[in-house]
Amino acid sequence: MCEVVLGEFLKEIKKNPSSVKFAEMANILVIHCQTTDDLIQLTAMCWMREFIQLAGRVMLPYSSGILTAVLPCLAYDDRKKNIKEVANVCNQSLMKLVTPEDDEPDEPKPVVQRHADPNPDDSLAKQEGTDSGGPDGACDSSFGSGISVFSPAGTERAPVTLHLDGIVQVLNCHLSDMAIGMMTRIAVLKWLYHLYIKTPRKMFRHTDSLFPILLQTLSDESDEVILKDLEVLAEIASSPAGQTDDLGPLDGPDLRISHSELQVPTPGRASLLPTPSTKGLECSPSTPTMNSYFYKFMINLLRRFSSERRLLEVRGAFIIRQLCLLLNAENIFHSMADILLREEDLKFASTMVHTLNTILLTSTELFQLRNQLKDLKTLESQNLFCCLYRSWCHNPVTTVSLCFLTQNYRHAYDLIQKFGDLEVTVDFLTEVDKLVQLIECPIFTYLRLQLLDVKNNPYLIKALYGLLMLLPQSSAFQLLSHRLQCVPNPELLQTEDSLKAAPKSQKADAPSIDYTELLQHFEKVQKKHLEVRHQRSGRGDHLDRRVVL
């Protein structure tokens, strides 16, 4: 009986939506949408769906309450499939109501006077109910005790305002709850992304409070959640609205956090940047940043990898590759190299450089960046090489692979000569083994073809022989040895035309790159690594082998 009455009531509302006081009934629906009784919850959710579609933006001020009721339902299983489907429609419909006009500054507006009688139970309300076609006017004129459902024809609606404070608080709460379902977390991230697209100026006032939880979400078990999380973080890092710090006050109480506090605390270890100033955090000293949050994002992402090594091992490459698709790959590598150059945890720096180098050399997402580095034709590519090189020095073998990628074969040979002064460890030999395997991959096809031109690539051949001499006689040794046996005798390759032609000059070094200074920097960094290793092993200053400066 009750369902029939409610159904008839809803039909009357749908017939004449322009005169319905949707706002006055919104909170009642929100309460019943959260009940534990499935039938009541489904009925209330169906009403909420109709209200959002009929009332449109009138429901926006109640968005935080609606989201509180709707979001948990998105994680329901098939036993509550009907509720889940209706909740999803409510969520999508509410999201569509948010438009760019909600990002406009809130200006004082005159209060709109309603012409309805202050007493909802008087004869006017009853007359409205009778005119609406209800059986006796009572059921259709009120929804609960003392609430008038229909408005007089002359009533004007107050201006609609989107209250982001409440919405962001609800979204933050659901994202922080690790017990919440995957679909709910994805919906929350979709909401955040949508709000940053539609209302960026207002959303950036909340970024400092959202940033830590967004970074923590990178540790989620679901790849889909991580992808959505990266989309939000990428939008924060690239949006023009994040270019300025003067974002103004919040819609409610001032909840801003200073930029110096925008970090994930990592107790027990030194900061990646030694006592940086706020200005130093705003942008990298040499990176063309995307906005004022881009470099902060890179700093905090590396902090996250440093404090949670399993995240780096399991998801590190996945996260960085996706960021290279969402943002500018050159900016990402440039900024991370800048930050790692100041990293005090040398073991982490070496591990991170190895990860970045593997991504650079093997990922399809980095194809364009590899081509940019391959020839070093432009000043920008030369600057990028120097920036990467200085951080890559934390790992000797990756430094050589970077020289191979950029065709700096003479410098690669000079580096390998310095390997004799380094402490050879099992990890070091393992990385040399991996580099030999990498040389056989398609990424270094051009390098293998250059072995045919013996006269113009002597340092390439010498560098490869240097790697061969470093290796024990393992499978990698046999692989590289067989490759070098295929290098032709230059005398046998000479033809009559080649004898007449002028000798082709080798690739000239880029004039803007000081290779001597780079080599000295490599030696300095490796000396620091050697000292740290000996301190950890308890040998102190009694170093058996030193890097010569």
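The values are calculated or read from the model by the stated rules, or taken from the named source; none is laboratory data. Note that the structure is predicted; figures quoted are calculated from it, not measured. In this analysis, Cβ positions are derived from the backbone assuming ideal geometry, glycine residues included, and neighbour counts consider all displayed protein chains.
Descriptive notes on the structure:
- All of (1) assigned to a helix (DSSP H, G or I); (2) within 23 Å of Thr355 (Cα to Cα); (3) at pLDDT below 95 hold for Gly420 with one exception: (2).
Here's the yes/no breakdown for (1) over 17 Å from Ala237 (Cβ atoms); (2) part of a helix (DSSP H, G or I); (3) at pLDDT 95 or above; (4) not small (Gly, Ala, Ser):
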{"site": "Val168", "(1), (2), (3), (4)": "yes, yes, yes, yes"}
{"site": "Ile180", "(1), (2), (3), (4)": "yes, no, no, yes"}
{"site": "Ile186", "(1), (2), (3), (4)": "yes, yes, yes, yes"}
{"site": "Tyr196", "(1), (2), (3), (4)": "no, yes, yes, yes"}
{"site": "Lys202", "(1), (2), (3), (4)": "yes, yes, no, yes"}
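- Residue in the range 356-378 that is crowded, with 19+ Cβ neighbours inside 10 Å, at pLDDT below 95 and at positive phi present: yes
- Condition met for Phe385 (part of a helix (DSSP H, G or I), at pLDDT 95 or above and under 20 Å from Lys434 (Cβ atoms)): no
- Restricting the range 4-54 to residues that are at pLDDT 85 or above and of a type in the set (D, E, K, R), the residue that is nearest to Ser64 (Cα to Cα): Arg49
- The range 77-101 - residue that is without any contact (Cβ under 8 Å) to a residue 24 or more places away in the chain and within 27 Å of the chain's Cα centre (by Cα) and, of those, surrounded by the most Cβ atoms within 10 Å (Cβ to Cβ): Asn88
- Candidate set from the range 513-542 (those that are under 21 Å from Asp345 (Cβ atoms) and part of a loop (DSSP other than H, G, I, E, B)); member that is modelled with the lowest pLDDT: Gly540
- Test result for Leu438, assigned to a helix (DSSP H, G or I) and under 27 Å from Ser239 (Cβ atoms): no
- Here Leu281 meets each of (1) more than 22 Å from Ser363 (Cβ to Cβ); (2) part of a loop (DSSP other than H, G, I, E, B); (3) modelled with pLDDT under 50 with one exception, condition (2).
- Of all residues in the range 337-382, those satisfying the criterion of being part of a helix (DSSP H, G or I) and among the charged types (D, E, K, R) are Asp338, Lys347, Glu365, Arg370, Lys374, Asp375, Glu380.
- Check on Thr425, assigned by TED's automatic domain parsing to the domain that holds Gly466 and of a type in the set (S, T, N, Q): yes
Residue by residue, here is whether (1) in contact (Cβ under 8 Å) with a residue 24 or more places away in the chain; (2) surrounded by fewer than 19 Cβ atoms within 10 Å (Cβ to Cβ); (3) not hydrophobic (A, V, I, L, M, F, W, C) holds:
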| residue | (1), (2), (3) |
| --- | --- |
| Tyr389 | yes, no, yes |
| Cys393 | yes, no, no |
| Pro396 | yes, no, yes |
| Val432 | yes, no, no |
| Ala463 | yes, no, no |
| Gln473 | no, yes, yes |
| Ala476 | yes, no, no |
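- Breaking point among (1) touching an Asp or Glu at 6+ places or on another chain (Cβ under 9 Å); (2) outside the structural domain of Arg315 (by TED's automatic domain parsing); (3) of a type outside the set (D, E, K, R), for Leu405: (1)
- Of residues in the range 483-503 being more than 24 Å from Gly420 (Cα to Cα), of a type outside the set (A, V, I, L, M, F, W, C) and surrounded by 10 or more Cβ atoms within 10 Å (Cβ to Cβ), the one modelled with the highest pLDDT: Pro488
- Test: Gln34 is surrounded by fewer than 20 Cβ atoms within 10 Å (Cβ to Cβ), within 36 Å of the chain's Cα centre (by Cα) and either part of a helix (DSSP H, G or I) or of a type in the set (Val, Ile, Thr) (or both): no
- Hits in the range 462-476 - residues which are assigned to a helix (DSSP H, G or I) and either in contact with a strand residue (DSSP E or B) (Cβ under 8 Å, 6 or more places away or on another chain) or hydroxyl-bearing (Ser, Thr, Tyr) (or both): Tyr465, Ser475
- Condition check for Ile332: under 23 Å from Asn291 (Cβ atoms), under 19 Å from the mean Cα position of the chain (by Cα) and modelled with pLDDT of 95 or more: yes
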